[in-house]
1. Give me a count of the residues in the range B:20-54 that are closer than 18 Å to A:G103 by Cβ and under 10 Å from the mean Cα position of the chain (by Cα).
2. How do the strands (runs of 3 or more DSSP E) wholly within the range B:12-114 filter down when requiring 1 or more residues that are within 9 Å of chain A (Cβ to nearest Cβ): which remain?
3. Determine which single condition A:R98 fails, assuming it passes every other condition in (1) closer than 26 Å to B:Q97 by Cα; (2) within 14 Å of chain B (Cβ to nearest Cβ); (3) open to solvent by 70 Å² or more (accessible area, probe 1.4 Å).
4. Restricting to the range A:26-82, name every residue that is open to solvent by 40 Å² or more (accessible area, probe 1.4 Å), in contact (Cβ under 8 Å) with a residue 12 or more places away in the chain and of a type in the set (V, I, T).
5. Filter the range B:55-114 for residues that are among the hydrophobic types (A, V, I, L, M, F, W, C), modelled with pLDDT of 95 or more and over 14 Å from the mean Cα position of the chain (by Cα); which is surrounded by the fewest Cβ atoms within 10 Å (Cβ to Cβ)?
6. Based on this model, can you work out whether A:S85 counts as at pLDDT 95 or above and either facing another protein chain (nearest Cβ under 10 Å) or open to solvent by less than 20 Å² (accessible area, probe 1.4 Å) (or both)?
7. Is it fair to say A:G105 is small (G, A, S) and modelled with pLDDT under 95?
Amino acid sequence: GQNIDQPTEMTATEGAIVQINCTYQTSGFNGLFWYQQHAGEAPTFLSYNVLDGLEEKGRFSSFLSRSKGYSYLLLKELQMKDSASYLCAVRDRAGNNRKLIWGLGTSLAVNP
Amino acid sequence: EAGVTQFPSHSVIEKGQTVTLRCDPISGHDNLYWYRRVMGKEIKFLLHFVKESKQDESGMPNNRFLAERTGGTYSTLKVQPAELEDSGVYFCASNHQGAGYEQYFGPGTRLTVT
């Protein structure tokens, strides 16, 4: 079956660094996505990894290891506005099939 | 550029009634997706349109759900008759055909069936 696991909740302090892990078991793999979702709002795209390694984009970085079925999202210099749910999603097929398989999301609380 | 919009934002209906949700994708986006999140569960894929054609409808729960995208612009998702387990947040997303991977999401429609 298809399975994506991530921690349910995390807490961190403003200005600190936090790492949110995601492990996946899917029938295929064609890219891993991280989305941020504030309560009551649309999920917004943060990052995309399809090859092994680290992708850095400002305060946010995402890492992928395909052999281990593992990814993490790294948030640096945390700000209060980073309090949100972080969703890991995998595209399990290539070509025109674009559907995403989602984890439950990690609710991050940033405290002052 | 306007984002993906969805209407209504909230809908409360009784079991057995019909509800139609609407999604307006970003102008020019050929791909349109519907997803649903039931409380306590992960977001689940429902279906994918490329223009007016259904590319993948493998996630549609049953034949009480009907999605259309006439003319390849906006899409509607009709639930008839609604059941209690249909309650959840219905998200729509869109992106360009062949132009990338990021899906742009709308704010969702929260459907409550009582």
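The values are calculated or read from the model by the stated rules, or taken from the named source; none is laboratory data. Keep in mind it's a predicted model, so treat the numbers as computed, not measured. Don't worry about glycine lacking a Cβ; one is built from the backbone with ideal geometry, like all the others, and counts go over all protein chains shown. Note: accessible area is taken over every heavy atom of the protein model, side chains too, but ligands, DNA and RNA are not part of it. Shrake-Rupley method; radii C 1.70, N 1.55, O 1.52, S 1.80 Å.
1. 5
2. So the answer is B:31-37, B:43-50, B:53-56, B:88-95, B:109-113.
3. Among (1) closer than 26 Å to B:Q97 by Cα; (2) within 14 Å of chain B (Cβ to nearest Cβ); (3) open to solvent by 70 Å² or more (accessible area, probe 1.4 Å), the lone unmet condition for A:R98 is (3).
4. Within the range A:26-82, A:V50 is the sole residue that qualifies.
5. That would be B:L84.
6. no
7. Considered against the rule, which asks whether it is small (G, A, S) and modelled with pLDDT under 95, A:G105 comes out as no.
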